[in-house]
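Below is one structure; the comments refer to it alone.
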């Protein structure tokens, strides 16, 4: 059995395996976030997506996010799996599981993880439409990088 | 005497390969960026990409030495 808590894989994500990694007798809550492939973006119809990653660095950055959550919530446990390769509509792209003694921290940690993935983890999505394809850039809806890249504080 | 460079996403596609090498034994990350902008003037995405040295994000003034692995990281879109 694989106990790696932060991984990039190219096969379907088994949600329960991610959840199992954060089970803890002191946990009062396990919050899971499941990111799926959406068909319509700004009116444009996606046929399928392709994800690619700088795998070794991406796994390190996922682990860094786990450390950041642990710093804020010392009793938390975090596991994140991101899938790459070709994904169809409704396929699961990412699963985040966070366990904490109390529910508010599990919600907050899980939310933090997905936002942080979109800032610092080297994974890229290519949307394929009926009439074309394009590598997508920064998907953040609330915090565009001022100079096209994260600031110093975002990276450490 | 060469520095290994990894390209991803749009950059990999435009240059046509994931891994390239440039001659040199010590230079700044910014100099690596400029070398590639000169070599591939049509690939403007080199300008907006972040850089990493040995799997850690780097600034343009950080030094790259022979044997280091440099990566150009276009704006990410995981999740």
### Message
Using a 10 Å cut-off around each Cβ of peptide B:40-50, what is the average number of partner chain Cβ atoms that fall inside?
### Response
2
### Task
Treating the angle as unsigned and between 0 and 90°, give the value, to the nearest 10°, between the Cα long axis of helix A:55-72 and the longest Cα principal axis of chain A.
40
### Message
Let me confirm one metric for peptide A:118-129, namely the mean number of other chain beta-carbon atoms within 10 Å of its residues' beta-carbons.
### Response
5
### Task
In whole angstrom, note down how far apart the Cα centers of the stretch A:46-115 and the stretch B:1-26 are.
29
### Query
Calculated FRET efficiency, residue A:36 and residue A:67, Cβ-Cβ r, R0 22 Å, to nearest 0.05?
0.25
### Query
How big is the Kirkwood radius of the stretch B:2-73, worked out from every pair of different alpha carbons and given in Å to one decimal?
11.8
### Query
Helix A:103-120 versus the longest principal axis of chain A: what is the Cα-based angle in degrees, 0 to 90, to the nearest 10?
40
### Message
Modelling each spin label as a point 7 Å along the Cα-to-Cβ direction, I'd like the residue A:23/residue B:55 distance in nm, to one decimal.
### Response
2.9
### Task
Using per-residue counts of other Cβ atoms within 10 Å, averaged over each peptide, order B:61-74, A:40-53 from highest down.
B:61-74, A:40-53
### Computed [θ] at 222 nm, deg cm²/dmol, the protein assembly as shown (DSSP H ≥ 4; -39,500 (n - 2.57); rounded to nearest 500)
-8500 deg cm²/dmol
### Message
How large is the Kirkwood hydrodynamic radius of the stretch A:6-133, counting all unique pairs of alpha carbons, in Å?
### Response
15.1
### Message
So if each residue of separation counts as 0.36 nm, and I subtract the Cα-Cα distance between residue A:88 and residue A:107, what length gain in nm does that give?
### Response
4.1 nm
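Quick note: the coordinates plus some simple rules give every number you see, no bench work behind them. On a predicted model such as this, the values are computed, not experimentally measured, just so you know. Every residue, glycine as well, gets a Cβ built from its backbone with ideal geometry; the counts of neighbours run over all protein chains shown.
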